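See below for the structure under consideration.
Please treat every number below as a calculation from the coordinates, not as lab data. Just so you know, these numbers come straight off a predicted model, no measurement behind them. For neighbour counting, all protein chains shown are included, and Cβ atoms are generated from backbone atoms with ideal geometry for every residue, glycine included.
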Amino acid sequence: MKKYFIFPVIMVVLKSTASFASVDLSIGGTAWYAWWKPAWSDAKTTSFVLAGEPTVFRENSRDFTMPSNAMAGPVVSIGFLDRWSIQSVFAMGRFKAYSQGMANSMMLTVLGEMMASLSYKKYSRDILKWDSDTSIACAVHRMVKIFAGFKAQGYRYEERLDDLLYLGNLMIIHRVLTDDVKAYGGGLGLGITIPLGAGFYLMTNVSGLALWSVEKININYRKSYTISDAVELLPVWLRKGRYFSYGGSAALSFAYHIEKISTTISLGGRYQILFNRQRNNNIFFNDVAMNIIDGKYDHFFGITMSAIYTFHIGKREG
């Protein structure tokens, strides 16, 4: 994940900025205890196989169960020219998703033949999720700032599927694959900080987001197999998928500044919602690599904590 790590860029900016002005440098860490409901949590998927001829399966299984978990990472920010600042936040965590039960499947061949079937499926997805925000902000008032920035987020999961499928005869399918999703985009937002006295502050910000995502599926053929006494279903290459997402995020937190050690600690919450657009009007020519998420929402929310230490570099004016 090093190539997505934004903080070296911050250090380059710091070095160049310090040559002509004094700066405030803040470093620390952040942690989320997060709940995630992905757009694919309804377990609607598509897959390409060889069953005598190229065939598409569209499947609707039981909803995925998504336990909550923690994410954590570093925070770096630079304040300069009195009212400008650059901040970068990175967090990473692991989630596990499960789906088990009866599923409906539709099989469509290139010759137009269609067949519906029932199957019993057991999915597990071990997911590594990451999130990165880098923004530049300008204080237009002592309590109000506007900001714009670059957002990168994504996840990679290994999926294991066991499937009992009946298509005239009973088949046992075991499939292992990885799904790698990377999203890039930007946003605009507004932040408000309200002093409460005695070193306490109430901080809130809202922002709008737009992201472009790419998805790549890789099947582990050595660990995947089909057992059948008739039709043999062989997994084939799945092309890349892509989709566009837009939405927003909001955060609210209470902060306390400990002046003696120049450290600010905060506790609050954050909520992000994204609406997805994905071309899937033609079952053989679309942007769906696996998960069918067109017109669906991705919800990500949780409790946030952070501790930030600030120190000054350069001569103070006045």
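Over all other residues within a Cβ to Cβ distance under 13 Å of Leu211, the charged ones net out to 0, with Lys and Arg as +1 and Asp and Glu as -1. In plain terms, the residue of Thr310, Thr264 with the fewest other Cβ atoms within 10 Å comes first and the most crowded comes last, giving Thr310, Thr264. Its Cα gyration tensor gives the chain an equivalent ellipsoid. The semi-axes, each the square root of 5 times an eigenvalue, are 48, 18, 16 Å from largest down.
Less than 12 Å Cβ to Cβ from Ala139, Lys/Arg counted +1 and Asp/Glu -1: what total charge do the surrounding residues give? Combined, the nearby Lys, Arg, Asp and Glu give +2. Positive contributions from Lys and Arg (+1) and negative ones from Asp and Glu (-1), summed over other residues with Cβ under 9 Å from the Cβ of Gly187, come out at 0. Distance between the modelled labels on Ser68 and Phe275, one decimal in nanometres: 2.7 nm (7 Å Cα→Cβ projection). Rounded to the nearest 500, the helix-only mean residue ellipticity at 222 nm of the chain stands at -1000 deg cm²/dmol, with each DSSP H run of n ≥ 4 adding -39,500 (n - 2.57).
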